[in-house]
Structure formats: C-alpha cells, structure tokens
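I have placed the structure first, in the form of structure tokens, so that the comments after it can refer back to it.
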Amino acid sequence: MELYDPYANQWSLGPPLPFTDTLFFSATLLYSGEVLVTNDGGQAALYDPSTNTWNTTPSITVGRAEPSATLLHTGEVLLVGGSSSSPRAVERFTR
C-alpha cells in the first residue's frame, strides 16, 4: 500500500494489505479517519493512519470486485454492485 501526504506532496510505502487478493478492492474513508478496505474474496480490514496498522474486521457477506462503497451519515458503509456471484446483493458494514 502507498500513502500520499498532501502537505509534503509525496508518496511513501505503508504497511502491506492484510490479505493476499489485492486485485479488486474498494477503499472508503470513515468519519473516524480509518479506511475500510474490502476485496472480491469477501475479506475486510480497517487501516488506522494514527498507528499505521491494519485491524481485521468480520468478513463481508458477498465478495465483490469493484463495488460502489458509500459512507452513510450514520457511519455505516453501503456496499452495492460490482462483480460477484450475487450481483443484486446489498450490504451494510457497521463499525
């Protein structure tokens, strides 16, 4: 994973993603400052920039390649669409 620092206008290496399948994923910035990452294998993890570490979360129900991930005003993330075995599946991720 690479991190961008807009103040320094430079990129740096961050900790590696906690899953091996990193080809098709989504990343969503949460209100807490953490980043939720999901992949097409159904895995999910939270990146905490304050500690520069990954924290595991429960897996998502349906793995999706390139879904739409939308942060709701409640703090939940709505995962919709993308390529999956269940194309009509909609899921809410709650922290």
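Might you report the magnitude of the Cβ-based charge dipole of segment 1-89 about its Cα centre, with Lys and Arg at +1 and Asp and Glu at -1, to the nearest 20 debye?
Values: 2 positive and 8 negative charges, 51 e Å.
The calculated dipole for segment 1-89 is roughly 240 debye.
Please give, to one decimal in nm, the separation of the simple spin-label points placed at Trp11 and Asp48, each 7 Å out from Cα toward the Cβ.
Each label point is offset 7 Å from its Cα along the Cβ direction, giving 2.7 nm.
Subtracting the Cα-Cα distance from 0.36 nm times the residue separation, let me have the gained length for Glu2 to Ser68 in nm, one decimal. Write out the running numbers ahead of the final one.
On the way: separation 66, 0.36 × 66 = 23.76 nm, distance 2.15 nm.
Full-extension gain reported as 21.6 nm.
Name the most mobile residue of Ser32, Ser83, Ser59, meaning the one with the largest mean-square fluctuation, in a Gaussian network model of the chain with Cα contacts below 10 Å.
Ser32
Among Gly14, Gly41, Gly82, which one shows the highest mean-square fluctuation when the chain is modelled as a Gaussian network with alpha-carbon springs under 10 Å?
Gly14
Using r as the Cβ-Cβ distance of Arg88 and Leu30, and R0 as 30 Å, what FRET efficiency do you calculate, to the nearest 0.05?
Details: r = 26 Å, r/R0 = 0.85.
Efficiency for this residue pair is about 0.75.
Which residue, Thr53, Thr61, Thr74, has the most motion in a Gaussian network model of the chain that connects Cα atoms within less than 10 Å?
Highest fluctuation among the options: Thr74.
Report the longest stretch of the chain that contains none of the chymotrypsin sites (Phe, Trp or Tyr not before Pro) sitting in a DSSP loop with at most 15 other Cβ atoms within 10 Å. Numbers along the way, then the final one.
On the way: sites that count: Tyr7, Tyr31.
The answer is 32-95.
Just to be sure I understand, if you calculate percent of Cα pairs over 17 Å apart for this structure, which of (1) 55; (2) 44; (3) 49 do you get?
Working out percent of Cα pairs over 17 Å apart from the coordinates points to (3).
FYI, it's all coordinate maths here, none of it is from the lab. Bear in mind that the values here come from a model prediction, so they are computed numbers and not experimental data. Heads up, the Cβs are rebuilt from the backbone with ideal geometry, glycines too, and the neighbour counts pull from every protein chain shown.
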